[in-house]
Amino acid sequence: MLIQFFLAAAIVAVVVLLGRTTRNVRHLAMRRLFLLAFAVASVLAIAFPEALSRIAQAVGVGRGADLLLYCLVIAFIGTLAMHARRSNELGRMITLTTRRLAILEAEDELRRAAP
């Protein structure tokens, strides 16, 4: 039961963090800290697999491999959401750039056509 609470909280945290704007230095720093924490946790899980099994049993999961799978699913969902948001942002930027270019070209044509 404890693991269900933590997994649901982690999903909510991923959604909240990814729902914020990305043009923020603090957001970039948080992403880097999460990446560092993920790397450290991965190395520790590889070095001490028994500890991962004990943690899994403490939170209500049968095996450490299952706990690892749950965590990776949350990381995967977060990565998908982040890339989708980034893709949408790039699409908006391309649209704005295209509009500006079209306006500049139209103004240039008007200047050339004027006597």
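Just so you know, all these numbers are worked out from the coordinates, no wet-lab data involved. Small disclaimer: the values here were computed from a predicted structure and weren't measured. As a convention, Cβ positions derive from the backbone with ideal geometry for all residues, glycine included, and neighbour counts pool all protein chains shown.
A few notes on this one:
- In degrees, nearest ten, helix 25-47 long axis to first principal axis of the chain (Cα): 30 degrees
- Potential lengthening of the chain between Ala106 and Ala39 amounts to 19.0 nm, from the contour at 0.36 nm per residue minus the alpha-carbon distance.
- 0 to 90° range, to nearest 10: angle between helix 49-59 axis and the chain longest Cα axis: 90 degrees
- Ala29-Ala114 FRET efficiency (beta carbon distance; Förster radius 35 Å; 0.05 resolution): 0.10
- Here Asp66, Asp108 are placed in order of increasing Cβ neighbour count within 10 Å, fewest first, which gives Asp108, Asp66.
- C-alpha long axis of helix 64-113 to longest principal axis of the chain, angle in °: 0 degrees
- Relative exposure of Val73, Val61, Val40, judged by other C-beta atoms within 10 Å (fewest first): Val40, Val73, Val61
- If only the Cβ of Lys and Arg carry +1 and only the Cβ of Asp and Glu carry -1, the dipole of the chain around its Cα centre is close to 280 debye.
- Across the options Ser42, Ile74, Leu96, the greatest Cα extent toward the positive end of the charge dipole of the chain (unit charges at beta carbon of Lys, Arg, Asp, Glu) belongs to Leu96.
- Averaging 1/r across all pairs of distinct Cα atoms in the chain and inverting the result yields a Kirkwood radius of 17.7 Å.
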